[in-house]
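The next block holds one structure in the form of structure tokens; read it before the comments.
The values are calculated or read from the model by the stated rules, or taken from the named source; none is laboratory data. Everything numeric in this text was worked out from a predicted model, so none of it was measured. Cβ: placed from backbone, ideal geometry, glycine included. Neighbour counts: every protein chain shown.
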Amino acid sequence: MFSSAFRCPICAILLTPDKTAALKCGHVFHSFCILRWLELSKSCPLCRRAMSEAEVVTRLYFGESFYDESDRSVIEDDITKKIQSAQVQLRYEERKLRKITKDLEACQQEKNNLLWISAIAGFIILPFFLRRLSDGQ
């Protein structure tokens with residue numbers, strides 16, 4: 001049985017048999033996490049022993065009974081909490097995006113108004129200056 005206490009030391013998400021990898025030093029991580037780690041640092045994140053991507057064992061076999069139903073429930077709860085957290089973050093980001101979009105539209109409208117005002121001012125002021133120049137003043 002695989003206890004629900006086994007979490008990836010890099011991301012802190014529960015380990016599952018299909019996504020688990022080990023290093024020669026014996027430390028276990030999610031395959032994706034440790035491969036990304038080794039792209040940046042050529043050592044085990046826990047013991048700092050020198051490692052390379054070639055030394056990662058990505059196929060680990062734990063037998064048929066990897067975890068029991070209570071572990072499955074813990075994993076599902078963990079995933080549910082992460083999904084809920086991601087949904088909250090998504091709603092927050094969507095609100096920010098709507099506000100930024102509204103602000104952008106207001107800026108574009110203000111720019112258009114200023115362009116219109118400057119065009120009108122050009123039609124009024126430019127002929128006045130041209131007349132003064134042609135009069136020699």
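Given the criteria among the aromatic types (Phe, Trp, Tyr) and either modelled with pLDDT of 85 or more or surrounded by 10 or more Cβ atoms within 10 Å (Cβ to Cβ) (or both), does TYR61 qualify?
No: the conditions fail for TYR61.
Being of a type in the set (S, T, N, Q) and assigned to a loop (DSSP other than H, G, I, E, B) is the filter; apply it to segment 10-53 and report the residue that is nearest to SER85 (Cα to Cα).
THR16
Conditions: (1) touching an Asp or Glu at 6+ places or on another chain (Cβ under 7 Å); (2) part of a helix (DSSP H, G or I); (3) basic (Lys, Arg). ARG91 meets all but one. Number of the miss?
For ARG91, the failing item is (1).
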